[in-house]
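K.L.:
Have a look at the structure that comes next, please.
The values are calculated or read from the model by the stated rules, or taken from the named source; none is laboratory data. The structure displayed is predicted, hence computed values, not measured ones. Here the Cβ is made from the backbone with ideal geometry for all residues, glycine too, and neighbour counts use every protein chain on show.
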Amino acid sequence: MSVQSDGFCQCLGIFSVRDVLVIGGGIIGRFIALECQARGMTVTLIDAGQSRPSASWAGGGILSPLFPWRYHASWRPLVSDSLDRYGQWREVLRSETGLFPEINACGMLVRESEVEQARRWARDERVKLLPARESGISGGFSEKAELWMPDIAAVRNSRWLSALEVLCEHRGIRRVLSSVSDVVESAGAVEVCAGEERFRAGQAVVAAGYWSKALLKGLPFTEELMPVKGEMLLYQLEPGEIPAILLADSGYLIPRKDGLVLAGSTLNAGVQDMRPGAAAHQVLRESAADWYPPLAKLQPVAHWAGVRPGNRRPQPIIGPIHQGSRICVATGHFRNGLVSAPATGQLVAEMVSGQPPFCESQPYSPSS
């Protein structure tokens, strides 16, 4: 990549668009595209597909940071009303496309040794946090936990991604399936080379998760992104057999309404290999059976891996890559991409359209 136009890749065709290019087809990129389009901008969404797969497909979809009391306070504006935001978008999807992707408002049981820290956080944030015994959940689940968060839900991320793709198409957002090879900022425009096409727009947003690192190489962007591989298992149980999200330091179980249960997740920093491994398979099986012993006798129906976008600071990286730049970045969300995606989409769209941001944006700035 280069900030100069000299040496820009030679593409077979030239296609110009007005306003904004969104690079990244994960859930954050799709929400950014929709929010920009809603503000009257012409949007082209460039999605690398399986060549640079989005972490969104691999995640669990819990609408809360894991152990939220352990996170930096700057996350709050991006995650605090995620369930309401997803609920509003689901109504939009039902109205415009007839699709109604899953939100499972089942609550979350938590194993936590630092109970007082969690309670202080809940008081400060006005979040409902109860002793696990008050959950009313039988089957021995509440006896294995200390805390109950009744207002936590999970989205079925694969169905949300598919539904948002349909909505983007319905609203006239062009989606290009191609890997970006060059991003160039010149006076008055940004040029992007993807496959055999060259795109030109007034602004561009790089929201490609960990893969943003390669796209920003050579540009004046100094934040360090790192891959964090994670693996998940999938079990088929009876609907309601796992009655709530079950969270511990060793792992979690996330039930879907049809009885599928996700067991996750490993953390392997510095690794971008997408292949599932035998060691992680064993670790995840043991963690899952610790929460629910009958899983020890069941074989998972699926096992996959994804790469999260980690970074060196406690909050994501959102904003222009330097003051006055026409290139905006939205990455580094680590384990909180799905929960923060709707708010990130709104914030980025406000930035690129020149509207006042709904929250203080300086903590997320690449230059902060």
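K.L.:
Report whether or not ILE254 is in the same structural domain as GLY29 (by TED's automatic domain parsing), surrounded by 21 or more Cβ atoms within 10 Å (Cβ to Cβ), under 30 Å from LEU34 (Cβ atoms) and in contact with a strand residue (DSSP E or B) (Cβ under 7 Å, 6 or more places away or on another chain).
P.N.:
Judged against the criteria, ILE254 is not a match.
K.L.:
Consider the stretch 303-336. How many of its residues are hydroxyl-bearing (Ser, Thr, Tyr) and crowded, with 21+ Cβ neighbours inside 10 Å?
P.N.:
Number of matching residues: 1.
K.L.:
Select from the stretch 175-205 the residues that are at pLDDT below 95 and of a type in the set (Lys, Arg) and write down the one among them that is nearest to HIS322 (Cα to Cα).
P.N.:
So, considering only residues that are at pLDDT below 95 and of a type in the set (Lys, Arg), the one nearest to HIS322 (Cα to Cα) is ARG200.
K.L.:
Related question: Evaluate the stretch 247-266: report whether one residue or more is at pLDDT 95 or above, more than 19 Å from the chain's Cα centre (by Cα) and assigned to a helix (DSSP H, G or I).
P.N.:
no
K.L.:
Now, a different point. Restricting the search to the stretch 226-246, which residues are of a type outside the set (A, V, I, L, M, F, W, C), crowded, with 16+ Cβ neighbours inside 10 Å and either under 26 Å from GLN50 (Cβ atoms) or at pLDDT below 95 (or both)?
P.N.:
PRO227, LYS229, GLY230, GLU231, TYR235 - these are the residues of the stretch 226-246 that are of a type outside the set (A, V, I, L, M, F, W, C), crowded, with 16+ Cβ neighbours inside 10 Å and either under 26 Å from GLN50 (Cβ atoms) or at pLDDT below 95 (or both).
K.L.:
Any idea which residue in the stretch 129-145 is nearest to the chain's Cα centre (by Cα), counting only those that are assigned to a loop (DSSP other than H, G, I, E, B) and closer than 22 Å to GLY60 by Cα?
P.N.:
LEU129
Condition check ((1) farther than 14 Å from GLN315 by Cα; (2) assigned by TED's automatic domain parsing to the domain that holds ALA118; (3) crowded, with 18+ Cβ neighbours inside 10 Å) across all residues:
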residue: ILE27; (1), (2), (3): yes, no, yes
residue: LEU45; (1), (2), (3): yes, no, yes
residue: SER51; (1), (2), (3): yes, no, no
residue: SER54; (1), (2), (3): yes, no, yes
residue: GLY59; (1), (2), (3): yes, no, yes
residue: SER64; (1), (2), (3): yes, no, yes
residue: ARG76; (1), (2), (3): no, no, no
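Matching residues to (1) assigned to a helix (DSSP H, G or I); (2) at pLDDT 95 or above; (3) more than 17 Å from the chain's Cα centre (by Cα):
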site	(1), (2), (3)
ILE14	no, no, yes
GLY25	no, yes, no
GLN37	yes, yes, yes
PRO53	no, no, no
GLY60	no, yes, no
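K.L.:
Only one residue in GLU191, GLU165, GLU223 is among the acidic types (Asp, Glu), crowded, with 16+ Cβ neighbours inside 10 Å, touching a residue at least 60 places away in the same chain (Cβ under 8 Å) and in a strand (DSSP E or B). Which one?
P.N.:
It is GLU191.
K.L.:
Right, next: Give me the residue from the stretch 352-368 that is in contact with a strand residue (DSSP E or B) (Cβ under 6 Å, 6 or more places away or on another chain) and of a type outside the set (Ser, Thr, Tyr) and, out of that set, nearest to LEU83 (Cα to Cα).
P.N.:
VAL352
K.L.:
In addition: Spot the failing condition for ASP290; the list is (1) of a type in the set (D, E, K, R); (2) in a helix (DSSP H, G or I); (3) within 23 Å of the chain's Cα centre (by Cα), and only one is missed.
P.N.:
Of the numbered conditions (1) of a type in the set (D, E, K, R); (2) in a helix (DSSP H, G or I); (3) within 23 Å of the chain's Cα centre (by Cα), the odd one out for ASP290 is (3).
K.L.:
Could you check the stretch 84-110 and list, in sequence order, the residues that are touching a strand residue (DSSP E or B) at 6+ places or on another chain (Cβ under 9 Å) and of a type in the set (A, V, I, L, M)?
P.N.:
ILE103, ALA105, MET108, LEU109, VAL110
K.L.:
Going by the structure shown, is VAL307 touching a strand residue (DSSP E or B) at 6+ places or on another chain (Cβ under 6 Å) and in the same structural domain as TYR252 (by TED's automatic domain parsing)?
P.N.:
Answer is yes for this residue.
K.L.:
Can you name the number of the only condition in (1) within 30 Å of GLN362 (Cβ to Cβ); (2) buried (at least 21 other Cβ atoms within 10 Å of the Cβ); (3) without any contact (Cβ under 8 Å) to a residue 60 or more places away in the chain that ALA269 fails?
P.N.:
Every listed condition holds for ALA269 apart from (2).
K.L.:
Can you tell me how many residues within the stretch 317-344 are within 24 Å of VAL192 (Cα to Cα) and either part of a loop (DSSP other than H, G, I, E, B) or not assigned by TED's automatic domain parsing to the domain that holds HIS72 (or both)?
P.N.:
So the answer is 8.
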